[in-house]
Structure formats: structure tokens, C-alpha cells
1. Return a yes/no flag: does region 45-66 have any residue that is touching a Phe, Trp or Tyr at 6+ places or on another chain (Cβ under 6 Å) and over 23 Å from LEU197 (Cβ atoms).
2. Can you tell me which residues in region 196-218 are surrounded by 19 or more Cβ atoms within 10 Å (Cβ to Cβ) and of a type outside the set (Phe, Trp, Tyr)?
3. Restricting attention to region 196-239, report how many residues are touching a helix residue (DSSP H, G or I) at 6+ places or on another chain (Cβ under 9 Å), farther than 17 Å from ALA75 by Cβ and in a helix (DSSP H, G or I).
4. Return the total of residues in region 167-189 being surrounded by fewer than 11 Cβ atoms within 10 Å (Cβ to Cβ) and either of a type in the set (S, T, N, Q) or touching a Phe, Trp or Tyr at 6+ places or on another chain (Cβ under 9 Å) (or both).
5. Report, by residue number, each residue of region 98-111 that is touching a residue at least 40 places away in the same chain (Cβ under 8 Å) and crowded, with 17+ Cβ neighbours inside 10 Å.
6. Please enumerate the residues belonging to region 121-159 that are loosely packed, with under 13 Cβ neighbours inside 10 Å and either closer than 28 Å to VAL207 by Cβ or touching a residue at least 40 places away in the same chain (Cβ under 8 Å) (or both).
7. Starting from region 86-97, take each residue that is in a helix (DSSP H, G or I) and list its partners that are loosely packed, with under 15 Cβ neighbours inside 10 Å and of a type outside the set (Lys, Arg), counting only C-beta distances under 6 angstrom and pairs at least six apart or across chains.
8. Scanning for something more than 28 Å from ASN141 (Cα to Cα), touching a residue at least 12 places away in the same chain (Cβ under 8 Å) and surrounded by 13 or more Cβ atoms within 10 Å (Cβ to Cβ), does region 12-21 turn up at least one residue?
Amino acid sequence: MFFKNRNKKLKREMLTQIDRGDVPGHIAFIMDGNGRWAKKKGLPRTAGHMEGGKALLKTLEECMELGIKAVTVYAFSTENWKRPKEEVEYLMALPRKYINKYLPMLKERNVVMNFIGNIEALPEPLQNDIAKSIEETKDNNGIVFTIAINYGSQDELLAATKLICQDVKDDIVSITDINQDYFETKLFTNGLPPVDLLVRTSGEVRVSNFLLWQLAYTEFHFTDTLWPDFNQEELYKTILDYQNRQRRYGGLKGE
């Protein structure tokens with residue numbers, strides 16, 4: 001366990017309402033509101049990011065216990081470089097802190113670590129820690145925990161298009177052979193299951209250049225809760241909301 005102070009009574013009560021056979025296979029989180037959480041408490045924005053990291057680990061643990069197979073989180077976008085220098089430096093250092101502290105436990109819990117984005121543009125020490133976490137968990141077969149860092153979906157789509165153009169140029173594939181399945185092999189998310197549910201906290205209702213291709217038939221859940229306050233109860237409410245939806249994928253069900 002990452003954290004021991006779980007609300008066991010609440011968990012028992014809410015778990016009875018959740019259909020364990022119908023949980024989303026892959027949840028993506030836009031973890032928004034760290035800065036606003038800190039401002040409300042008169043703290044620096046960095047304090048909000050620290051609390052956000054704790055909330056992430058708690059959420060990951062709950063997802064593991066629910067049997068969710070993949071979790072992807074938006075940690076740092078290609079646009080986040082525009083933020084104040086001090087905050088950017090902190091956001092580059094924070095993943096290293098959590099990797100070094102929790103990697104042994106993640107490895108022990110059978111978590112597969114994965115990262116998407118322009119990793120080569122990150123500071124070299126962070127690149128090294130990312131490579132270490134991937135290497136040390138590559139033989140695990142539990143939940144796939146993907147961190148999108150220095151990630152932008154438009155950049156991802158452009159990169160995929162360039163790779164396909166190069167394949168055509170090199171006669172590896174013909175234009176008529178390019179289909180949806182082939183295109184997806186060129187995305188950063190190649191090999192990950194479809195995203196069933198997107199959760200965004202803090203009351204914002206946009207996707208902010210996150211997984212634009214992958215969210216084509218994803219269910220969306222928006223909550224006013226700031227990410228550091230996203231807890232066990234919030235996750236269960238989110239799952240219950242998902243289970244009350246009827247997913248049609250463009251077709252008709254039950255009509």
C-alpha cells in the first residue's frame with residue numbers, strides 16, 4: 001500500500017454499488033487545479049503540485065484495487081513551458097523525486113511504468129530516471145501507468161504523419177494500405193488499450209491538447225474538485241457515473 005489512512009467504511013459502502021465487471025479498462029486523468037488549490041490555502045503553487053503528486057498515488061492505488069488495467073495522466077504539456085521558470089523547474093524535479101522514492105514499491109506492486117511525449121527534450125537527469133523506471137518494470141504485467149510529460153497531442157499527430165510519409169517514401173507501405181490500425185502504430189500510445197474514460201478536475205471542460213485521436217469514443221467526466229482533493233470517494237463517484245452511461249459507439253443499443 002502507498003498510503004494506509006484509507007476510509008475503509010466508505011470504501012465498503014461505495015464498492016457495493018460498483019459493478020466490478022464493468023469498470024473502465026483505461027482511465028485518463030487531466031490533473032487540473034494544483035495551483036488554485038495552493039492559492040486558496042495561501043501556499044506557493046509548488047505546494048499544490050506536491051499535494052497533487054500524493055493524490056495521484058492514492059488514485060493509482062484505488063484504480064489497481066478496482067481492477068483497472070491502465071491509467072494515463074497528463075503531467076506536463078508542451079504548452080506548460082510558458083509557465084514561470086521556478087514552477088517549470090519544480091515540475092521537472094518532482095517526477096524524479098517520486099520515481100526515486102516510489103519506484104521500488106511500484107515494481108513490487110507489478111506496475112508497468114510508461115511515458116509518452118517528447119522525452120528527448122527533457123532534462124537529462126529526468127530522462128535517465130524515466131529510462132530506469134521503464135527498464136525496471138518492463139517485465140511486470142499489472143496496471144500500465146502512463147505519464148504524459150512534455151506531451152501535446154497535435155505534436156503527436158504531426159510526428160505520426162511524418163513517420164507514415166517516410167514509410168511511404170521508403171516503399172515500406174503504400175498509401176492504399178494506410179488505415180486506422182496502421183496510423184495508431186505510429187502514435188506514442190501504440191500498444192495501450194483504448195481510453196474508456198477521461199476525467200478532468202477543477203471545473204474546466206476542455207481537453208487541452210490531450211489524446212485528441214485517442215478520445216474519439218471516450219466517456220468524459222468533469223468535476224469541480226481540485227486535483228489535490230480528488231480522493232477515494234471522488235473516484236468511486238466517477239466510476240458510478242461511467243457505469244450509468246450507455247456506450248453506443250455511433251450505433252444503437254437497447255432502442
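The values are calculated or read from the model by the stated rules, or taken from the named source; none is laboratory data. If you're wondering where the values come from, they're calculated on a predicted model, not measured in any experiment. Cβ placement follows ideal geometry from the backbone for every residue including glycine, while neighbour counts extend to all protein chains displayed.
1. yes
2. Filtering region 196-218 for residues surrounded by 19 or more Cβ atoms within 10 Å (Cβ to Cβ) gives 196-202, 210-211, 214, 218.
Matches in region 196-218: ASP196, LEU197, LEU198, VAL199, ARG200, THR201, SER202, LEU211, GLN214, THR218.
3. Number of matching residues: 8.
4. Residues meeting the conditions: 4.
5. TYR98, TYR102, ARG109, VAL111, listed by residue number.
6. If the condition is that a residue be loosely packed, with under 13 Cβ neighbours inside 10 Å and either closer than 28 Å to VAL207 by Cβ or touching a residue at least 40 places away in the same chain (Cβ under 8 Å) (or both), then ALA121, PRO123, GLN154, LEU158 are the ones that fit.
7. Cβ pairs passing all conditions: MET92/PRO123.
8. Taking every residue of region 12-21 in turn, none turns out to be more than 28 Å from ASN141 (Cα to Cα), touching a residue at least 12 places away in the same chain (Cβ under 8 Å) and surrounded by 13 or more Cβ atoms within 10 Å (Cβ to Cβ).
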